[in-house]
1. Label R217 and D102 with points 7 Å out from Cα along Cα→Cβ: what is the distance between them in nm?
2. Filter K114/K139; K16/K103; K130/K207 down to the pairs with a C-alpha to C-alpha distance above 32 Å, please.
3. Local charge sum around R92 (other residues, Cβ-Cβ under 15 Å, Lys/Arg +1, Asp/Glu -1)?
4. Ratio to report: Rg/Rh of the range 47-138, with Cα atoms as the point set and Rh obtained by the Kirkwood method; give two decimals.
5. What FRET efficiency, computed as 1/(1 + (r/R0)^6) with R0 = 25 Å and r the Cβ-Cβ distance, is obtained for L20 and Q65, rounded to the nearest 0.05?
6. Scan the chain and report its longest stretch carrying no trypsin sites (Lys or Arg not before Pro) that are both in a DSSP loop and have at most 16 other Cβ atoms within 10 Å.
7. Expected output is a single nm value to one decimal: the length gained when fully extending between S147 and K238, i.e. 0.36 nm times separation in residues minus the C-alpha distance. What is it?
8. Please give the charge dipole size of the chain, origin at the Cα centre, charges +1 on K and R Cβ atoms and -1 on D and E Cβ atoms. Round to the nearest 20 debye.
Amino acid sequence: MAIHEQSLIRPENVRKHERLVLDGIDVSGHWSTFIEPRVVTDYNERLQEEIAALPGGEYIHRCWQCGSCTNSCTVNALNPDFNPRFWIYLIRMGMESELLRDKEIIWQCVSCNKCTYACPRDVFPEGVMKATAHWLELKGHTPPSPSTLFDREFTEQVIETGRIEEGRILRRFFARTGQALRQDWLVEMARRVARRLPLKLAFAMGKATLLRPRTRRWAKARAALTDYVHEREAAHRKALDLDAPRQ
Ligand code: SF4
Ligand code: SF4
């Protein structure tokens, strides 16, 4: 799985000479491009296993590096540094430190799933991006992304009440991410919805906001969901060896 794209070589590792003559032959500029040799010593041999243990990363081993995911990627079209194929390559090679150099953009996947439909090997690259972003957070390389905070809020509300109350999720998500509740786009959206909302439904929504209704006889389901969430979190921590004593 060798990589031969110059765009993937870090600029500081590329050497070019504006003027260079070797044995009487002018190899100036493009012709004198060299790649600095380097030795990678910090492989994480478990990196693929760790990503595969997280939801979405299960099929990363199937990748044959065709590049269809990157070619079809919505975010790559705007930012060529966003490169799912390259990151899958780094993960499979165990090149953790190289992967970390892009940690600030990996979470930017917009889950459009164009890569998922383009992938001939059913790797589910969108899932791999999610698993990698999750891995970065669990390992403490990045803070929880807004998407993670939203998922937490959503899950907590379902477990607590057995229901979803969109207004409350939105309010608490904004509070968690330090955003003001009064935002122009939100005010406009609320105004448009309110214009078409049947009175009966508006009343039901207002009542739900004030009274926070719960699903009846939810206690057993809540206990089962809580156990399941704790079980999965423990499995993820174990797969990433997060609870092992540090030396
Ligand atoms: S799901 Fe993510 S990685 Fe896949 S094409 Fe969309 S933005 Fe790119
Ligand atoms: S499209 Fe699938 S097989 Fe091809 S590089 Fe992307 S993940 Fe790998």
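1. Rounded to a tenth, the inter-label distance reads 5.1 nm.
2. Violating the 32 Å Cα-Cα cut-off are K130/K207.
3. Numbers: positive: R46, R62, R85, R121; negative: E45, E49, E50, E58, E96, E98.
Local net charge: -2.
4. When Rh is taken as the Kirkwood radius, the ratio is 0.91.
5. Details: r = 33 Å, r/R0 = 1.32.
FRET efficiency, L20 to Q65: 0.15.
6. 47-100
7. 30.4 nm
8. 1940
Read the figures in this text as sums done on the coordinates, not as results from a lab. From a predicted model like this one, the values you see are computed outputs, not experimental measurements. In this analysis, Cβ positions are derived from the backbone assuming ideal geometry, glycine residues included, and neighbour counts consider all displayed protein chains.
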